[in-house]
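Visitor: Structure in structure tokens, see below.
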Amino acid sequence: MTADNFQRTADSFRNLSAVSGPPVSPFAFDAPFDRTATGSSKWARAAAPGVIPMGLADMDLPGPPAVAEALERRARHRAYGYTVCDPAGRTLVADWYRARHGAEVDPDWVLLLPCGPRTTLRLLLETVRSDAAHPQAPVLFPTPEWGGFAQLCRAAGLPYRELPLHLGPNTGYRSPRGPLPRPAAAVLLSNPHNPSGTVWPTGYVRGLAGWAADSGALLVSDEVHGDLTHPGLAHPVAVTTADPAVRHRVVTLNSVGKTFNCSGIPSSFALVPDPGLRARLTDTLAGYGLWEGGLLEQTVQRAALAEGGPWLDALLAHLAAARTRLTERLGPAVRSPARASYLLWLDAAALGLPPATARAALLERCGLEASDGAEFGPGGAGSLRLNYALPGPVLDTVLERLDRL
């Protein structure tokens with residue numbers, strides 16, 4: 001996409017959202033939000049002026065004021081050299097889990113990392129490969145599933161196997177049927193599930209942790225959407241949901257990036273109960289020039305976790321309302337009820353779109369850009385993923401355009 005097209009696309013978004021009126025509260029997600037000249041990857045994907053991009057998983061909503069204020073304060077102190085890890089950051093993560101999820105996380109488990117969850121998972125897979133009792137044992141994960149799992153396994157030189165999820169006619173996705181293959185090097189899980197927004201039940205997560213431990217495998221739970229579980233629902237944190245006897249075979253990955261809409265500032269944290277695995281992962285990270293204690297990462301994490309709770313509560317109410325509006329409009333096209341995040345997983349045929357070319361057809365008919373289900377593995381064929389983290393006026397336009405189907 002050329003720079004001129006990018007600017008026209010961003011300008012069209014501003015025009016779609018333009019409303020008049022007095023200044024609004026910083027938590028008012030129904031207000032216009034202009035991403036012009038921010039270099040947004042999401043908007044750069046838009047194919048033409050007037051297209052509303054709903055594919056890439058970031059939010060067209062303003063992030064927490066506390067994060068902006070913390071970055072501004074830190075920037076005014078013109079010391080931008082190497083920084084050490086603040087141990088209080090580990091306690092802050094543990095306090096967050098206790099307050100938001102009722103989960104007791106030992107601060108010693110926490111690694112605070114200056115790289116995004118994708119990079120952290122890639123380096124964790126490197127560590128798994130070096131530790132593996134069975135070097136040729138595959139990494140297991142369900143399908144459909146976030147395409148990064150397969151990509152990262154290939155990059156780490158690890159074989160992998162995708163296990164089909166069961167899709168019930170009224171119940172949405174359920175765990176794969178039958179016994180899991182043995183041996184396995186690791187089991188990867190996104191919880192909540194990307195792309196469907198399913199929150200995996202506590203019993204399933206606990207059982208999967210036990211099975212992984214029995215097989216000598218590591219359960220790695222990618223929980224970057226976990227804090228976005230919708231109001232009234234609980235999110236099982238893998239490391240605390242697992243039986244204590246097998247907890248050493250479980251890792252939870254998370255980040256403030258998705259939760260607080262700041263993924264452009266790479267950061268993540270890993271909950272690693274096994275001290276030996278923590279040390280080996282730390283060594284792997286150091287081999288790539290990565291250490292705990294990044295300047296921007298710590299600034300953002302502290303502000304988000306210490307002060308971002310009220311903003312997050314308002315965001316979740318907005319997302320749940322948007323989900324309800326879209327699911328009522330799309331009806332049986334929604335493959336699995338979304339319980340978290342801001343993603344809808346849709347059956348292209350039920351929308352009246354040709355399954356093989358659904359993304360292009362939605363773009364042509366409605367001016368809406370979605371993610372192609374084929375990006376999510378063999379189980380994603382004939383599906384689309386739609387991101388509804390939009391300001392109210394833009395969501396209104398999306399619903400109007402869907403009437404063209």
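The values are calculated or read from the model by the stated rules, or taken from the named source; none is laboratory data. Here the structure is a predicted model, which means the values were calculated and not measured. Backbone-built Cβ (ideal geometry, glycine too); neighbour counts: all protein chains shown. Remember, those area values only see protein heavy atoms, side chains included, never the ligands or the DNA or RNA. Shrake-Rupley method; radii C 1.70, N 1.55, O 1.52, S 1.80 Å.
Visitor: Which of the listed residues, VAL250, TYR288, LEU315, is farthest toward the dipole's positive end in the range 237-325, when Lys, Arg count +1 and Asp, Glu count -1 at the beta-carbon?
Guide: LEU315
Visitor: While we're looking at this one, here's another question. Which FRET efficiency value, to the nearest 0.05, is calculated for GLN136 and GLU69 with the Förster distance at 41 angstrom and r the Cβ-Cβ distance?
Guide: Values: r = 51 Å, r/R0 = 1.25.
According to the calculation, E is roughly 0.20.
Visitor: Label the range 282-361 by shape, choosing from rounded, prolate and oblate, from the square roots a ≥ b ≥ c of the eigenvalues of the Cα gyration tensor; if a/c is under 1.5 it is rounded, and otherwise prolate applies when a/b is larger than b/c, oblate when it is not.
Guide: Oblate shape, in that a/c is at least 1.5 and b/c is the bigger or equal ratio.
Visitor: Once the mean 1/r over all distinct Cα pairs of the range 265-399 is inverted, what Kirkwood radius in angstroms do you read off? The partial results should precede the final answer.
Guide: Numbers: mean 1/r = 0.0553 Å⁻¹.
Final number for the Kirkwood radius of the range 265-399 is 18.1 Å.
Visitor: Next up: As I understand it, the dipole of the chain uses +1 on the Cβ of Lys and Arg and -1 on the Cβ of Asp and Glu, about the Cα centre. Which of TYR173, THR324, GLY55 lies farthest toward its positive end?
Guide: Farthest along the dipole direction, towards plus: TYR173.
Visitor: May I ask you to evaluate 6.51 cos²θ - 1.76 cosθ + 1.60, the Karplus curve with θ = phi - 60°, for each residue of the range 321-330 and list the ³J(HN,Hα) values in order in whole Hz, giving x for glycine and proline?
Guide: 5, 5, 4, 4, 4, 6, 5, 5, 6, 8
Visitor: Can you grab the distance from the C-alpha centre of the range 240-260 to the C-alpha centre of the range 172-186, Å, no decimals?
Guide: So the two Cα centres are separated by 19 Å.
Visitor: Over what distance in Å are the Cα centres of the range 336-398 and the range 93-160 separated?
Guide: Computed from Cα coordinates, the inter-centre distance equals 27 Å.
Visitor: Moving on. Give the Debye-formula value of log10 I(q)/I(0) at each listed q (0.13, 0.20 Å⁻¹), with one equal scatterer per alpha carbon of the range 237-286, two decimals each.
Guide: -0.39, -0.77
Visitor: When Rg is the radius of gyration of the Cα atoms in the range 155-244 and Rh is its Kirkwood radius, what does Rg/Rh come to?
Guide: Ratio value, two decimals: 0.96.
Visitor: Give me the accessible area of PHE33, 1.4 Å probe, in Å² rounded to the nearest 10.
Guide: 60 Å²
Visitor: Order THR171, THR252, most accessible first, counting only protein heavy atoms with a 1.4 angstrom probe.
Guide: Numbers: THR171 70, THR252 0 Å².
The ordering from most to least exposed comes out as THR171, THR252.
Visitor: Let me check I've understood the local charge: for ARG278, count other residues with C-beta under 15 angstrom from its C-beta, Lys and Arg +1, Asp and Glu -1. What total comes out? Kindly include the intermediate steps, with their values, before the conclusion.
Guide: Values: positive: ARG90, ARG247, ARG249, ARG280; negative: ASP106, ASP108, GLU126, ASP131, ASP274, ASP283, GLU292.
Around ARG278, the charge tally is -3.
Visitor: What does the accessible area per residue of the chain come to in Å², with a 1.4 Å probe and no ligands, DNA or RNA counted?
Guide: 41 Å²
Visitor: Give, in whole angstrom and from largest to smallest, the semi-axes √(5λ) of the equivalent ellipsoid of the range 125-281, with λ running over the eigenvalues of the Cα gyration tensor.
Guide: Values: eigenvalues 99, 75, 51 Å².
Taking √(5λ) for each Cα gyration eigenvalue gives 22, 19, 16 Å.
Visitor: Give me the dipole magnitude in Debye, nearest 20, for the chain about the Cα centre, with unit charges on the beta carbon: positive for Lys and Arg, negative for Asp and Glu.
Guide: Dipole magnitude for the chain comes out near 460 debye.
Visitor: Please state the equivalent ellipsoid semi-axes for the range 332-405: what are the square roots of 5 times the Cα gyration tensor eigenvalues, largest first, in whole Å?
Guide: 19, 16, 10
Visitor: Follow-up. Excluding ASP58 itself, calculate the net charge of residues whose Cβ lies under 12 Å from the Cβ of ASP58, where each Lys or Arg counts +1 and each Asp or Glu counts -1.
Guide: So the surrounding residues net to +3.
Visitor: Could you sort LYS42, LYS258 by their accessible area in this structure, using a 1.4 Å probe and putting the largest first?
Guide: In descending accessible area the options line up as LYS258, LYS42.
Visitor: Something else: Ignoring ligands, DNA and RNA, what percent of the accessible area of the range 135-184 is carbon or sulfur (1.4 Å)?
Guide: That fraction is 52 percent.
Visitor: Not counting ligands, DNA or RNA, and with a 1.4 Å probe, what is ASP34's accessible surface area in Å² rounded to the nearest 10?
Guide: So the heavy atoms of ASP34 present about 70 Å² to solvent.
Visitor: Let me ask another. Taking R0 as 25 Å, what FRET efficiency do you get between THR324 and ASN170 from their Cβ-Cβ distance, rounded to the nearest 0.05?
Guide: Here the calculated transfer efficiency is 0.90.
Visitor: Give me the number: length gained by fully extending THR36 to TYR80, i.e. 0.36 nm times residue separation minus the C-alpha to C-alpha distance, one decimal in nm.
Guide: Working it through step by step, the gained length comes to 13.1 nm.
Visitor: For GLU364, GLU223, give the ranking by accessible area with the largest first, probe 1.4 Å.
Guide: Per-residue accessible area, sorted high to low, gives GLU364, GLU223.
Visitor: What is the local net charge at GLU364, summed over the other residues whose Cβ is closer than 13 Å to its Cβ (Lys, Arg +1; Asp, Glu -1)? Display every interim value, and only then the final one.
Guide: On the way: positive: ARG359, ARG365, ARG401, ARG404; negative: GLU369.
Surrounding charge for GLU364 is +3.
Visitor: Turning to a different aspect of this structure: Run the 1.4 Å probe and let me know the accessible area of VAL199, rounded to the nearest 10 Å².
Guide: The accessible area comes out at roughly 30 Å².
Visitor: I need two numbers for the chain: Rg to one decimal and Dmax as a whole number, Cα atoms only, in Å.
Guide: 21.0, 64
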